[in-house]
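As structure tokens, the structure follows; a few thoughts come after it.
Derivation of every value follows stated rules applied to the coordinates shown; laboratory data play no part. Because the structure is predicted, anything quoted here is derived from the model rather than measured. Here the Cβ positions follow ideal geometry from the backbone for every residue, glycine too, while neighbour counts run over all protein chains shown.
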Amino acid sequence: MAITYICRYCKTQMGSLETGAVDEFRLGLQFLTPGERRDIIAYTPDGGMTVKVVCEFCREALDANPELSLVASPLQ
Ligand SMILES: [Zn+2]
């Protein structure tokens, strides 16, 4: 099972890890609501998982221009 992290805004792949089983507690995913899980986690056809995060570059851009998040992510 591979977990891939991508930036939800610029789609940059930030890293991936291979794991025998997804440890959702280690990933902190247990804190997410079902809606957030649908928004953040995507399962790939090969049984892997994609987790959408925010990269450093986009984080800084959002901090500087908070209104960008409204455009890029209508659910928030
Ligand atoms: Zn980014």
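Taken about its Cα centre, the stretch 2-70 carries a charge dipole of roughly 120 debye when the Cβ of each Lys and Arg holds +1 and the Cβ of each Asp and Glu holds -1.
Over all other residues within a Cβ to Cβ distance under 10 Å of Ala2, the charged ones net out to -2, with Lys and Arg as +1 and Asp and Glu as -1. Each Cα pair under 8 Å and six or more residues apart adds its separation to the average, and for the stretch 2-70 the resulting relative contact order is 38 percent. Between Thr12 and Cys7, the built amide H atoms are under 5 Å apart, and every one of these is 5 or more places off in sequence or on another chain. Going by the alpha-carbon gyration tensor, a ≥ b ≥ c the square roots of its eigenvalues, is the stretch 2-70 rounded (a/c under 1.5) or, if a/c is not under 1.5, prolate (a/b greater than b/c) versus oblate? Prolate, because a/c is 1.5 or more and a/b exceeds b/c. Using θ = phi - 60° in the Karplus curve 6.51 cos²θ - 1.76 cosθ + 1.60, the 3J(HN,Hα) couplings for the stretch 30-45 round to 5, 7, 7, 6, x, x, 5, 4, 4, 6, 9, 9, 10, 9, 8, x Hz; x is entered for Gly and Pro.
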